[in-house]
Every structure is written in C-alpha cells, then in structure tokens.
Amino acid sequence: MRSRPIGVFDSGLGGVSVLRNMSALLPKEDFIYFGDDKNAPYGTKSEEEILRLAIDDTSFLLQKNVKAIVIACNTATSAAANHLRETLSVPVIGMEPALKPASLNRKEGVIGVMATPATLKQKKFRLLYEKYGDHAMPIPCPGLMEFAEKGILSGEEIDVFLNKLLAPYRKYPLESVVLGCTHYVFLKAAISKALPGVILYDGNDGTARQLKRVLEEKNWLKETGEGSVSMYTSGDESHILPLMWSLFREKIL
Ligand code: DGL
C-alpha cells in the first residue's frame, strides 16, 4: 500500500495549489493529479451534477491504483465527500473554507468568505457557518475561478472584475478573507491588491497536514525513494498541462 500513489482532483487547475503544499510536506510520495478542466467550473452547477462529475474524476484516479483520494476542491467536497467516503475503500480527504482559523484568530473586524456559489449554498458550509460564522459574511464569486483557469493571475482585467465583485462589501470593516476555492489561491496577489491590508486565509496547508495524519494512522506513508508528480486534464492538454506545471512551480505570496 505504501508505495501506491495519492490521487488528487479538482474541477480544473485550482487543486494544483493544494498539490504544491502536499508534495512539499510529503516529498517522498507519488502524486497523480487530475483536473476536470473540460467540465469546469463546478461552482455554478447543481449538487447532483457536481456529484456525478466527482464520481467520474475519482474513477479515473482509482484506475491508477491510488491509496488515497484528495478532493482538492471545496465545491466538490461539499457535494461528494460523504458519498465517496461511504462507497470507496480508500481514504478520502476533503477541503472546506478555512473559516475556523479565521474566526479563532479574529480580532474585531468582519471575515469575508470568498467561494463558489455552490460551496456557499451547500449544507456543509451552512454547518460550518453556524459554528464559526458569527462575524463572517459569504462572498459568492461566480466567474472568478475562470481567471486562474485561463492563467490570468494579474492585470487590468482581473483588477476591474475584483473591484466590481467586491464593491458591495467595502462598507464592512473587513479584517480577513477566506479563500474558499482552491483556484483563488493563485489569485492572491490580485485579491490583496483589491483588498489592501486584509489578511487572507486558505485551507491548503491544513489539507496537506490532514493527508499526512491519515496516511500516518494507517502506516501508509512512503518513506523511501524520491516522490513524483504526474498531471492529467480532461481539457485541452497542450494548453492546460504547461499552465498546471508552471503554477505548480510558481511561488505564491
Ligand atoms: N476549485 C474549486 C473549489 O475549490 C472550484 C472551482 C469551480 O469549479 O467552480 O471550490
């Protein structure tokens, strides 16, 4: 079991931001990444549709004989994690917006939670919000992940988009913002520019640590040899794969 790879998927290339944290923390592991770019975005689809797509993504990875599945996508976790945990024999690690750490570290301002409309609508987020959402405000961001998908991480087009998206929230004393979608981690610089002085949280490191804990508990950590990363996409390989690799290697703020 130890020598088998770890399967990671997202609706597109956003999960590559999580993959970076995981391969840095577990450098001896082999990772297989699948981005369902052809069907992206997931965040504006129905729960049933996202579940169906997540099942297909998982089947692709299971064919590669993975020892664990990481859903590197908040949207797909909300729609599919329970179902996958009930039906698969390998462990399933999911993600949720990092509202808990943002709320535990809050001093006096408001916490914005930027995520896809689907993530914010689903039960998983409602439960999280009931627990840690006293001073939080959901900020649905339809259309934002598309910038990362196209490799547009900065520039006038995204600045204009973000300023318009965030305009209604400027009246609140925003102290921090949770990046509740793995694509947004690649847009940190543009988001910081639109929200100067606001602290940004994401769940990537927590997810990597959770993966390590789960493998440790099972005694499935690969402890010898060098690790590797392979990437696959359902989209246009000649365009997406080079973008995924350059994002994998890029330094994020
Ligand atoms: N990267 C995904 C997430 O973490 C969703 C993006 C999308 O497909 O809408 O929520």
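Any read-out appearing in this document is the output of simple, stated calculations on the displayed coordinates, not a laboratory observation. Everything numeric in this text was worked out from a predicted model, so none of it was measured. Using ideal geometry, Cβ is built from the backbone for each residue, glycine included, and neighbour counts are taken over all protein chains shown.
Under 5 Å between amide H atoms, partner at least 5 residues away or on a different chain: which partners does Tyr201 have, H built in plane at 1.01 Å?
Those qualifying (amide H under 5 Å, at least 5 residues apart or on another chain) are Val177, Val178, Leu179.
Once the dipole of the chain is set up with Lys and Arg at +1 and Asp and Glu at -1 on Cβ about the Cα centre, which of Val18, Tyr201, Pro41 lies farthest towards its positive end?
My answer, from the dipole projection, is Tyr201.
Calculate one ³J(HN,Hα) per residue across the range 24-35 by plugging θ = phi - 60° into the Karplus curve 6.51 cos²θ - 1.76 cosθ + 1.60, and present them in order as whole Hz with x for glycine and proline.
Whole-Hz 3J(HN,Hα) from phi for the range 24-35: 6, 6, 10, x, 8, 7, 9, 10, 10, 9, 10, x.
Going toward the positive end of the dipole of the chain, with +1 on Lys and Arg Cβ and -1 on Asp and Glu Cβ, which of Gly112, Ile93, Asn219 do you reach last?
Asn219
For the range 88-127 and the range 171-227, what is the centre-to-centre distance using only Cα atoms, to the nearest Å?
11
What order do you get for 191-201, 213-223, 7-17, 106-116 when each peptide is scored by the mean count of other beta carbon atoms within 10 Å, highest first?
Result, highest mean Cβ count within 10 Å first: 7-17, 106-116, 191-201, 213-223.
To the nearest 20 debye, what charge dipole does the chain have about its Cα centre, counting +1 at the Cβ of each Lys and Arg and -1 at the Cβ of each Asp and Glu?
660
Return the long-range amide H neighbours of Leu174 (sequence gap of 5 or more, or a different chain), with a cut-off of under 5 Å between placed amide H atoms.
Amide H neighbours of Leu174: Val110.
Given the Cα-Cα distance of Met137 and Lys171 and 0.36 nm per residue of separation, how much length would full extension add, in nm?
The span from Met137 to Lys171 would gain 11.0 nm if fully extended.
Please list, ordered by chain and number, the residues whose modelled amide H lies under 5 Å from the amide H of Met137; skip anything fewer than 5 residues away on the same chain.
Those lying under 5 Å, H to H, from Met137 are Ile111, Gly112, Val113.
Quick check on my link table: of Lys28/Lys218; Lys164/Lys193; Lys124/Lys164; Lys67/Lys222, which ones sit more than 20 Å apart, alpha carbon to alpha carbon?
The pairs that break the limit, which is 20 Å between Cα atoms, are Lys124/Lys164.
Using only the alpha carbon atoms of the chain, find the Kirkwood hydrodynamic radius as the inverse mean reciprocal pair distance, in angstroms to one decimal.
That comes to 18.2 Å for the chain.
On a full-extension model of 0.36 nm per residue, what is the gain between Glu47 and Trp245, subtracting their alpha-carbon distance, rounded to one decimal in nm?
68.3 nm is the gain from fully extending Glu47 to Trp245.
Check cross-link reach from Lys131 to the lysines: straight Cα distance under 27 Å, and skip same-chain residues fewer than eight apart.
Cα-Cα hits under 27 Å: Lys45, Lys100, Lys107, Lys121, Lys123, Lys171, Lys188, Lys212.
Which whole-Hz couplings ³J(HN,Hα) result when phi for each residue of the range 40-54 is put into the Karplus expression 6.51 cos²θ - 1.76 cosθ + 1.60, θ = phi - 60°, listed in order with x for Gly and Pro?
Values, residue by residue: 6, x, 8, x, 10, 9, 6, 4, 5, 5, 5, 4, 4, 5, 5 Hz.
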